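Q: One structure coming up, written as structure tokens, with questions to follow.
The values are calculated or read from the model by the stated rules, or taken from the named source; none is laboratory data. What you see is a predicted model, and the numbers here were worked out from it, not measured in a lab. Every residue, glycine as well, gets a Cβ built from its backbone with ideal geometry; the counts of neighbours run over all protein chains shown. Calculation scope for accessible area: heavy atoms of the full protein, side chains included, ligands and nucleic acids excluded. Shrake-Rupley method; radii C 1.70, N 1.55, O 1.52, S 1.80 Å.
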Amino acid sequence: MFDRSMIPGPASWLAASVCTVTLSAPLHAQVVSFDVPEQDAVTGISEFARQADVQILAANEVIAGKRTAAVHGSYSVDAGLGLLLKGTDIVVGTSDSRTYTLKQQVASADAPRTLDEVVVTATKTDTPLIEAPQSISVVSSDEMALRGVQDLNQALSYTTGIKFRDYPGGQGIQDFYLRGFRANTNGESVYRDGLRQQYTSLTGNVEPYALERIELLKGPASVLYGQGNPGGLVNLTTKRPTDEPVREVQLKAGSYDHYQIGADFGDALSSDGKLLYRLTGMYRDSELQYDYGRDDRFYVAPALTWRISDATSVTLLGQYFETTTSGSEQSYPAIGTLFANPNGQISHERFLGNPDWNRINMEYASLGYLFNTRLTDSLRLNQVVRYSDSQSEFHNTSDRSLGLLVNNRLENRGANDRDDTEKQLSADTNLEYDLETGSVQHRILGGFDYARVRTTLRQLNGSAGFLDLYAPVYDIPIVWNATLSRHFADGLNQYGVYLQDQLKWNRFVVTLNARHDTLKTFSRNRLTGVRTELEDKKLTGRAGAVYEFDSGFAPYVSYSTSFQPSAAVTWDGKLFEPTEGKQVEGGLKYQPRGTRSSVTATVYQLTQINVSTPDVEHAGFNTQQGEVRSRGFELEARTPVGESFNLIFAYAYTDAKVTKANPNSAGVTSQGLRQLGVPRHSASGWLDYTFSSGVPGLNLGGGVRYVGEAFNTPNTIEFPSYVLVDVGAHYSFGSYKLGLNVTNLTNKDYFNPGFYPNSVYYGYKRMVLGTLTRNW
């Protein structure tokens with residue numbers, strides 16, 4: 001209830017709820033059960049005050065046009081109000097036993113920002129998004145829940161700079177392109193809590209329910225993380241213990257017999273708040289859009305924080321992840337899918353493997369810790385360490401026909417029985433030091449990181465016979481080869497030393513980076529006994545500058561480099577040099593203080609040199625005279641619109657092609673060809689509306705995704721553009737929340753390039769998913 005008469009002075013003041021009661025316990029300690037959805041600040045504060053039976057006073061100019069966060073569960077009034085105002089510039093000015101007065105936090109050019117959701121940790125310091133001299137997208141767990149996200153592909157489908165090859169039932173591989181460059185074939189572009197997730201291709205599945213947020217860094221990141229794709233990287237932040245209780249149980253059910261249960265709990269374990277815990281888990285039993293497909297998983301992640309003192313804390317993070325998926329490539333021939341076949345269209349439900357054979361079983365376990373201590377007021381020590389152990393059993397069938405059918409109906413199939421293991425120990429230790437030199441403020445970061453990885457691979461090949469894709473008979477016995485085709489034991493040791501200085505002077509923020517890497521790898525062929533060793537040393541750097549206006553606009557410019565090792569050799573046996581990435585980027589960011597708005601417009605040119613290309617003087621060998629260049633423009637916005645709407649918009653223009661290449665022995669060159677599967681134009685938009693009256697607690701939303709035409713590797717097949725529609729509805733009542741999400745609402749048929757030049761992947765068909773969540 002609003003009562004302006006309570007406040008002396010202008011009528012612009014607002015009193016939210018004047019109800020008062022006699023309390024048996026102090027108001028600040030009393031626990032109240034809240035059910036306040038995210039909404040405009042006027043309604044949110046009023047509803048919070050009503051449920052808490054308190055009086056909250058605020059001026060219209062303090063809260064008008066802003067949004068408050070959701071508060072679901074049992075909290076003290078103080079704690080609940082803190083959650084409500086999180087992410088705004090609204091703070092509590094004064095309070096007594098019954099009344100709170102709100103005010104706007106005074107902002108200056110040097111004032112810290114309060115928007116937790118736009119502070120980027122992947123930069124290895126808590127850098128406000130607007131101060132980073134590069135384009136970065138941040139996807140929160142709230143956004144993922146709102147859109148019904150089920151994998152990393154869906155999580156990043158409304159961002160710029162990244163394009164997944166949609167691959168239903170993918171074989172553990174997160175196959176995507178960053179600014180036109182294929183990434184993550186061996187896990188080089190996915191990090192978790194600042195450390196690389198994996199070094200093999202089959203253990204790349206990600207469980208979104210485990211994450212607090214996802215950060216997408218665009219452009220070279222070697223200055224912070226060492227070897228990597230020039231297009232950028234993805235950093236996943238796992239859920240951590242929190243000060244406030246977390247109690248959530250979630251049920252999901254949907255298309256393709258999808259059933260899932262999840263739980264997330266956290267609280268203090270000690271009365272003084274020094275021991276905190278978090279326990280997150282989920283189980284899924286699901287089929288896929290094609291016959292005999294499986295998408296089963298089990299995940300559990302315990303976490304414990306010990307606040308040793310006000311200056312020192314350590315957080316233990318554990319994880320166990322088990323998945324069972326299909327082991328068939330599901331790479332369909334282009335004739336019969338994208339193009340006409342006299343025998344008709346091949347169904348998207350057609351399974352291309354052997355139902356009794358094909359499976360991928362993956363187990364991943366890790367244990368690590370985050371250590372932070374403030375040595376002095378200006379010096380901090382940070383360390384993150386993780387040990388992981390994974391193994392996978394890969395029962396696969398593949399297309400020996402390379403997408404070309406016999407008699408327009410028979411596919412010649414191979415079979416693989418493959419086992420992989422990986423053991424990884426990674427650590428990153430750094431010091432942060434704040435100092436001033438005259439009028440310049442410095443935040444200096446210096447660190448050392450280390451990775452020790454050991455992997456094994458054993459593979460036996462065979463023949464799975466011919467499969468009639470129009471009248472399949474699956475009980476064809478596999479004929480195995482007499483000997484193993486591959487059996488390797490490989491290792492990697494990486495050492496990196498890095499230095500960063502973030503300088504602030506007046507409204508300028510300048511970031512300077514330098515890093516030196518030493519990378520030692522070995523591979524032992526257990527079939528032949530031959531052992532090869534490689535060593536690469538590389539220096540990378542970055543320089544960038546941002547200028548912050550009071551209005552929230554911030555133009556920026558940067559130059560950065562990266563490197564990626566190569567195991568190839570020249571005609572005379574010399575090792576290839578690492579490929580190098582070089583990027584120039586400039587743009588404009590907009591993030592008004594005290595709002596949840598974030599807009600970034602970017603232009604860039606990214607060039608990769610030392611790329612392998614045919615050696616014209618030595619037939620059958622390659623040389624490093626090739627070059628690939630990507631030029632682009634990106635525009636991305638995440639912002640409230642008015643008091644009840646929320647908007648996500650993304651557009652990317654990506655011109656990625658081979659700019660230098662030698663002809664092969666047949667005189668054919670790849671120069672001028674566009675990169676595999678990368679559209680020139682892509683766009684997406686999501687808009688949702690939260691009802692504050694009529695049906696309070698109801699949120700309705702929808703999105704559209706456009707992907708332009710793309711090509712296969714030799715640019716002989718053009719994949720048409722397509723438009724996909726997603727919708728969602730969520731309703732909160734009491735401690736419960738009902739959700740319904742539909743992806744590809746129109747059940748659109750679309751295709752992505754497959755494994756082979758003449759093959760395709762069917763895109764994701766319509767998926768309907770219902771969710772029931774209880775928070776208390």
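Q: With an 8 Å Cα cut-off and a minimum separation of 6 or more residues, compute the relative contact order for the chain in percent. Present the calculation step by step, with values, prior to reporting the outcome.
A: On the way: 2226 pairs, mean separation 82.6, N = 776.
Relative contact order here is 11 percent.
Q: Rounded to the nearest percent, how much of the accessible area of the chain (1.4 Å probe, protein heavy atoms only) is carbon and sulfur?
A: Working: 17750 of 31430 Å².
Carbon and sulfur: 56 percent of the exposed surface of the chain.
Q: Taking a quarter of the surface of the convex hull around the Cα atoms of segment 627-776, what do you get in nm²?
A: Working: hull surface 48.0 nm².
Across all orientations, segment 627-776 yields a mean hull projection of 12.0 nm².
Q: If you count, for each residue, the other Cβ atoms within 10 Å and average over each peptide, how do 267-274, 709-716, 684-691 line up from highest to lowest?
A: Numbers: 267-274: 12.1, 709-716: 16.8, 684-691: 18.9.
My ranking of the peptides, most packed first, is 684-691, 709-716, 267-274.
Q: For segment 600-655, treating each Cα as an identical point scatterer without solvent, what Debye log10 I(q)/I(0) comes out at q = 0.21, 0.23, 0.24, 0.27 1/Å?
A: With no solvent term, the Cα-only Debye profile gives -0.81, -0.87, -0.90, -0.98.
Q: Multiplying the sequence separation of Trp480 and Asn407 by 0.36 nm and subtracting their Cα-Cα distance, what value in nm do you get?
A: Value of the extension gain: 23.7 nm.
Q: Let me ask something else about it. With the contact rule set at Cα under 8 Å and sequence spacing of 6 or more, what percent relative contact order holds for segment 587-642?
A: Details: 97 pairs, mean separation 21.5, N = 56.
The normalised contact order for segment 587-642 reaches 38 percent.
Q: Also: Solvent-accessible area per residue for the chain at a 1.4 Å probe radius, Å²? Write out the running numbers ahead of the final one.
A: Values: 31430 Å² over 776 residues.
Heavy-atom SASA per residue in the chain reads 41 Å².
Q: What's the local net charge at Glu617, with K and R +1, D and E -1, over the other residues with C-beta under 15 Å away?
A: On the way: positive: Lys574; negative: Asp572, Asp615.
That works out to -1.
Q: Could I ask something else about it? Non-local amide H neighbours of Gln105 (under 5 Å, H modeled in plane, Pro and chain starts lacking H): which ones?
A: Ile90, Val91
Q: May I ask you to evaluate 6.51 cos²θ - 1.76 cosθ + 1.60, the Karplus curve with θ = phi - 60°, for each residue of segment 485-494 and list the ³J(HN,Hα) values in order in whole Hz, giving x for glycine and proline?
A: 8, 9, 7, 10, 10, 10, x, 8, 10, 10
Q: Taking the mean number of other Cβ atoms within 10 Å as a proxy for protection, how do you rank 140-150, 472-482, 253-263 from highest to lowest? Working shown, then result.
A: Working: 140-150: 20.5, 472-482: 11.7, 253-263: 16.0.
Most protected by this proxy first, the peptides run 140-150, 253-263, 472-482.
Q: Can you quote the Å³ per residue value for the convex hull of the Cα atoms in segment 206-257, rounded to an integer?
A: On the way: hull volume 7.1 nm³, N = 52.
It is 137 Å³ per residue.
Q: A further question on this structure: Could you work out how much longer the chain between Leu512 and Glu617 gets when fully extended? Use 0.36 nm per residue separation minus the Cα distance between them, nm to one decimal.
A: Details: separation 105, 0.36 × 105 = 37.80 nm, distance 4.20 nm.
Residue separation times 0.36 nm, minus the Cα-Cα distance, leaves 33.6 nm.
Q: Rounded, prolate or oblate for segment 718-759? Axes are the square roots of the Cα gyration tensor eigenvalues, ordered a ≥ b ≥ c, and the cut-off for rounded is a/c under 1.5. Write out the running numbers ahead of the final one.
A: Numbers: a/c = 6.27, a/b = 3.23, b/c = 1.94.
Cα axes put segment 718-759 in the prolate bin.
Q: If N is the number of residues in segment 543-668, what value comes out of its Cα radius of gyration divided by 2.2 N^0.38 Å?
A: Computed over Cα atoms of segment 543-668, the ratio equals 1.53.
Q: Strictly greater than 20 Å: what percent of every Cα pair in segment 402-492 meets that?
A: On the way: 2699 of 4095 pairs.
Summing the P(r) tail past 20 Å for segment 402-492 gives 66 percent.
Q: Can you give the convex hull volume of the alpha carbon atoms of segment 247-387 per residue, in Å³? Please list the in-between numbers first.
A: Numbers: hull volume 22.8 nm³, N = 141.
It is 162 Å³ per residue.
Q: OK, next. Quick one: compute the contact order of segment 689-744, relative version, from alpha carbon pairs under 8 angstrom and 6+ residues apart, as a percent. Please report the intermediate quantities before stating the final value.
A: Working: 93 pairs, mean separation 16.8, N = 56.
It comes to 30 percent, rounded to a whole number.
Q: A further question follows. Divide the volume of the convex hull of the Cα atoms of segment 690-767 by its number of residues and quote the answer in cubic angstrom per residue. List each step's numbers first, then the result.
A: On the way: hull volume 8.0 nm³, N = 78.
Residue-normalised Cα hull volume stands at 103 Å³.
Q: Grab the beta carbon distance between Leu435 and Val641, set R0 = 56 Å, and tell me the FRET efficiency rounded to 0.05. It would help to have the intermediate numbers written out before the result.
A: Working: r = 42 Å, r/R0 = 0.75.
Given R0 = 56 Å and the Cβ-Cβ separation, E is 0.85.
Q: Kirkwood Rh over alpha-carbon pairs of the chain, then Stokes-Einstein at 4 °C and 1.567 mPa s: what D in µm² s⁻¹, rounded to an integer? Present the calculation step by step, with values, prior to reporting the outcome.
A: Details: Rh = 28.1 Å.
Rounded to a whole number, D works out at 46 µm²/s.
Q: Oh, and also: What span do the alpha-carbon atoms of segment 251-301 cover on each of the three principal axes, reported in whole Å from largest to smallest?
A: Principal extents (largest minus smallest coordinate, Cα): 54, 15, 9 Å.
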